[in-house]
1. Label points 7 Å out from Cα along the Cβ direction at GLN149 and ARG244: separation in nm?
2. I'd like to compare 156-169, 114-127: which one has the highest average count of other Cβ atoms within 10 Å, and what's the full order after that?
3. Please report the base-10 log of the normalised intensity I(q)/I(0) for the chain, using a Debye sum with one equal scatterer per alpha carbon and no solvent, at each q in 0.13 (1/Å).
4. Expressed in nm to one decimal, what extension gain is obtained for the pair ILE18 and ASP260 from 0.36 nm per residue of sequence separation less their Cα-Cα distance?
5. So which residue, out of LYS15, LYS181, LYS236, gets the largest mean-square fluctuation from a GNM of the chain using Cα contacts under 10 Å as springs?
6. Given R₀ = 30 Å, what would the calculated FRET efficiency be for ARG63 paired with GLU193, taking r from the Cβ atoms and rounding to 0.05?
7. Given H placed on each backbone N at 1.01 Å, which residues far from LEU225 in sequence or on other chains put an amide H within less than 5 Å of it?
8. According to a simple spin-label model (label point 7 Å from Cα along Cα-to-Cβ), what is the distance in nm between LEU124 and ARG156?
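A short reminder: the numbers here are calculations on the coordinates, not readings from a lab. Here the structure is a predicted model, which is why all the values come from computation and not from measurement. FYI the Cβ positions are ideal-geometry reconstructions off the backbone, even for glycines, and counts take in every protein chain you see.
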Amino acid sequence: MTHTPDEPTPPARTKPQILSRGDGATIAYHRSDGEGPGVVFLGGFMSDMDGIKATSLEAHCRRRGRAFLRFDYQGHGQSSGWFVDGSIGRWAEDAICVLDGLTDGPQVLVGSSMGGWIMLLAALARPDRVSGLVGLAAAPDFTEALMWQRFSPEVRETLMRDGVYYEPSRYGEIPYPITMKLIEEGRRHLLLERPVAVHCPVHLIHGMGDPDVPWERALLIARQLLSGHVAVTLVKDGDHRLSRPEDIARLCRIVDALCDGPDGGVATRQT
């Protein structure tokens, strides 16, 4: 799996607020007050909360008077810690921490790429707080299915010997550090080998031109979820980022629909 950072940060940044965790770590976040259900954005691997999807959805929710929260995981963006010390479990704990400490009432979680894995883990941990899920190129289990199982013997040997492998990026000159800790700890949180006990409405959006997470993965997720309200939207010319204006507009419509109530049933369509 080649990891895709979100779109470039918009030029105007505002200073985030800081949530202190009990272990001394800090989580940077932006929160907008409004009516519920609120919306929480969960970013991708090595992305931050200032990407175009998060900020555009925030602006949309502000216009609608809806509560919204975006944040950085540990080792990402403006939160404390080092990226190489992170893990799926740690980042899921961050999501649960902000859900518990910074939101009230039911929430719709929007997870991009790795955030799609984190949102499922958060929904399993807090089923009474999560009223809906929206996955954008959701990538649960990616450390195993899209990394380890696809790595060459040489890359696996490097990871086992050195503890880290620097994966070249097609999106920039800086490689992505993949640690053996990430791979091994990720195995404790694999979901798709069995039914996933998520029962709230879920809408998965996936580009059929995604070079990083195959679009068929959305169908696998849909099959494994126990919810009776799962929709899959396949975007034929969509890429991994799904951050074009038409992608953002689609995302906002789907989030509004989930916040207003489930449409029921299972739907799979192409746009």
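1. So the two model labels end up 3.0 nm from each other.
2. Highest-to-lowest ranking by the protection proxy: 114-127, 156-169.
3. -0.80
4. 84.1 nm
5. Fluctuation is largest for LYS15.
6. For ARG63 and GLU193, the calculated efficiency is 0.15.
7. Counting only residues 5 or more places away or on other chains, the set is VAL196.
8. Rounded to a tenth, the inter-label distance reads 2.4 nm.
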